[in-house]
1. When you check residue 132 against the structure, is it closer than 20 Å to residue 204 by Cα and within 21 Å of the chain's Cα centre (by Cα), yes or no?
2. Regarding the stretch 276-294, can at least one residue be identified that is crowded, with 18+ Cβ neighbours inside 10 Å and closer than 25 Å to residue 152 by Cα?
3. Find the residue count for the stretch 218-262, including only residues that are within 15 Å of ligand 2 (Cβ to nearest atom) and either part of a helix (DSSP H, G or I) or within 14 Å of the chain's Cα centre (by Cα) (or both).
4. Residues of the stretch 58-75 being part of a loop (DSSP other than H, G, I, E, B) and touching a helix residue (DSSP H, G or I) at 6+ places or on another chain (Cβ under 8 Å), which ones?
5. How many residues are out of contact with any helix residue (DSSP H, G or I) (no Cβ under 8 Å at 6 or more places or on another chain) and in contact (Cβ under 8 Å) with a residue 40 or more places away in the chain if we restrict to the stretch 155-176?
6. Kindly establish whether residue 120 is part of a loop (DSSP other than H, G, I, E, B) and within 16 Å of ligand 1 (Cβ to nearest atom).
7. Write out, first by first residue and then by second, each pair whose Cβ atoms fall under 6 Å of each other, whose residues are 6+ apart or on separate chains, and whose first residue, in the stretch 177-189, is more than 11 Å from ligand 2 (Cβ to nearest atom) while the second is of a type in the set (Asp, Glu).
8. So is residue 229 aliphatic (A, V, I, L, M) and over 24 Å from residue 183 (Cα atoms) or not?
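Just so it is clear, none of the values below were taken in a lab; they were calculated from the coordinates. Being a predicted model, the structure only gives us computed values, none of them experimental. As a convention, Cβ positions derive from the backbone with ideal geometry for all residues, glycine included, and neighbour counts pool all protein chains shown.
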Amino acid sequence: MTALAGLPSRVTVYEVGPRDGLQNEKAIIPVEVKAEFIRQLLAAGHRAVETTSFVSPKWVPQLADNAELLALLGEQPEGVRMPVLVPNEKGLEGALMAGVQEVAVFGSATETFAQKNLNRSVAESLEMFRPVVDRARSEGLMVRGYLSMCFGDPWEGSVDPHVVAGHARTLFDMGITELSLGDTIGVATPGQVVALLGSLGQQGISVDQLAVHFHDTYGQALSNTLIALQHGITVVDASAGGLGGCPYAKSATGNLATEDLLWQLHGLGIETGVDLDSLVRTSLWMAEQLGRPAPSRAVTALSKKD
Ligand code: HMG
Ligand code: MG
């Protein structure tokens with residue numbers, strides 16, 4: 001283990017496998033398997049696990065068992081974040097009934113993806129979130145925001161960081177408590193990450209309000225993460241085994257694998273509280289459930305180590 005100057009001593013790994021990973025599976029995973037997956041993630045030491053989405057079951061049938069899943073999981077452990085995605089008031093209603101303490105609204109930086117993912121323009125989707133954020137905050141919930149396609153979009157090409165920062169400002173003005181910057185199709189390179197953090201800074205948004213959410217399509221997720229950490233980010237989204245994608249962006253592949261991230265962070269002496277070996281066992285177990293190997297390099301390496 002060798003530390004590098006200018007990095008945080010601790011990073012919160014925000015695990016999105018059960019949501020971003022399983023929303024993209026062709027087969028419907030039994031709800032008991034999802035619950036066991038989440039239990040194992042918590043047992044490995046995760047303190048932030050995005051469990052599911054309260055979206056239209058017509059749009060994402062894979063997560064239609066949201067309420068049943070949360071009921072199976074029972075009371076949320078103390079000090080653990082277990083957010084769910086909600087796009088609208090109907091979703092928030094379901095999430096509140098299920099007793100969640102944090103929700104996430106998910107906007108798009110680009111018009112084409114807003115239409116494909118939310119069936120409305122960027123401005124209309126932000127307006128759809130306003131009453132959701134209002135009510136969630138007044139009920140005492142934390143509200144994460146996402147912006148997708150922050151760096152590049154399969155239909156529109158490269159994305160202007162000033163445009164992203166403008167939408168980010170709108171979301172913070174509504175009352176979100178954290179914003180995750182989504183590289184939905186994994187095209188970003190480190191210079192773009194620095195440029196976006198700079199544009200967000202110009203909008204008065206500081207790194208301690210931000211998280212990064214990299215998909216690993218072009219193998220850039222870890223480089224992008226390291227540069228983000230060097231610029232003060234301390235919340236990093238990742239998915240156990242590298243599962244993931246988005247049903248409404250075919251070019252989205254898996255998220256940054258949590259195991260690959262832990263290998264880097266722990267190698268740099270950065271604490272996460274998550275046990276890598278337990279997580280590898282979980283991802284191997286999940287790969288058996290899904291009937292194919294986990295895309296994570298670290299899972300592959302560590303499962304063959306002897
Ligand atoms: P719409 O068709 O415009 O909505 O979709 P609608 O209001 O006309 O409703 C259509 C039907 O869905 C109605 O049912 C509603 O009741 C129902 P019907 O009357 O036809 O029987 N409905 C709902 N049911 C349950 N829960 C709800 C809900 N809302 C409506 N919350 C809508 C608009 C936003 C609903 C739709 O576009 C949608 O659900 N989109 C979600 C897409 C999604 O989940 N994408 C993946 C997550 S985003 C992502 O992965 C990116 C991220 O990882 C970051 C990154 O990588 O960049 C976060
Ligand atoms: Mg994603």
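1. Answer is no for this residue.
2. Checked the stretch 276-294: no residue is crowded, with 18+ Cβ neighbours inside 10 Å and closer than 25 Å to residue 152 by Cα.
3. Qualifying residue count for the region: 23.
4. Of everything in the stretch 58-75, those that are part of a loop (DSSP other than H, G, I, E, B) and touching a helix residue (DSSP H, G or I) at 6+ places or on another chain (Cβ under 8 Å) turn out to be 60, 65.
5. The qualifying residues number 2.
6. The answer is yes for residue 120.
7. none
8. It is false that residue 229 is aliphatic (A, V, I, L, M) and over 24 Å from residue 183 (Cα atoms).
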